[in-house]
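Written out below as structure tokens is the structure these notes cover.
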Amino acid sequence: MPGLRFYPKAIQPLFKPLLDKAKGGLKLSTEEKCTSKNDKINSIIEIGTQKNDCMKNSIEFLLLIFLFGACQKSTHQDPIDLVGKTVEYQYGESVYHVTFDSDSTLHWEAIAGDETGTKEDETYVSEWIESHKLFITWGEANGIGVSQILDFEKGQVHNHLLRGRNVNAITGQIRLLKN
């Protein structure tokens, strides 16, 4: 139904009569011929009345939409403030600790696996795509490009590594450490 595509299909039928009524209020008979001055005046009054009815119906429709939106249960949560916090990443036997020093710098260190002891400071960019999902990207000194989605609700990291023109994707586990 045009104009209602942003609302769940289950409630669209509730708004359809109002939408149809609003649309119907604008239909004017073009076959009527005004034969006298009074007919012309009456036609102008009728057109004005129909437009007023349409406006009234439109306002009622918008009011219903507003009230429906106000009744929706808010599930919004503020994103996690990661500055000063450490996230532990685990990919099989490899474990890394990533500490967010600011809103644009981080420090990572491999604490288990083949790269144990390797550490680096990085500049990153990030964007919360949901209140519990962070998209983050940085370039490492060795030329590897890192792009990740951290899903704090599911405790997962979806990691894409770019080495030259080769891309590797790997999923691991994350958890926020107590600092």
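Exactly one condition in (1) in contact (Cβ under 8 Å) with a residue 12 or more places away in the chain; (2) over 17 Å from residue 83 (Cα atoms) is false for residue 168; which is it?
Here residue 168 clears every test but (1).
Within region 128-171, how many residues are part of a loop (DSSP other than H, G, I, E, B) and under 17 Å from residue 108 (Cβ atoms)?
As a first pass, look at region 128-171 and keep what is part of a loop (DSSP other than H, G, I, E, B): 131-132, 140-144, 152-155, 164-165.
If we keep only those that are under 17 Å from residue 108 (Cβ atoms) too, we end up with 140-144.
Count: 5.
Could you say which residue among 61, 66 is more than 16 Å from residue 149 (Cα to Cα), at pLDDT below 95 and touching a helix residue (DSSP H, G or I) at 6+ places or on another chain (Cβ under 9 Å)? Give the steps one after another, and end with the answer.
On the way: 66 fails: touching a helix residue (DSSP H, G or I) at 6+ places or on another chain (Cβ under 9 Å).
After ruling out the rest, the residue left standing is 61.
With the requirement that a residue be loosely packed, with under 15 Cβ neighbours inside 10 Å and either of a type outside the set (D, E, K, R) or in contact (Cβ under 8 Å) with a residue 60 or more places away in the chain (or both), what does region 113-127 give you?
Selection gives 113, 116, 117, 118, 123, 125.
Can you work out which of the residues in region 146-178 that are among the small types (Gly, Ala, Ser) and under 18 Å from residue 93 (Cα atoms) is surrounded by the fewest Cβ atoms within 10 Å (Cβ to Cβ)?
Per the stated criteria, the residue is 169.
The values are calculated or read from the model by the stated rules, or taken from the named source; none is laboratory data. These figures come from a predicted structure and were not determined experimentally. No Cβ is skipped: glycine too gets one built from the backbone with ideal geometry, and neighbour counts run over all protein chains shown.
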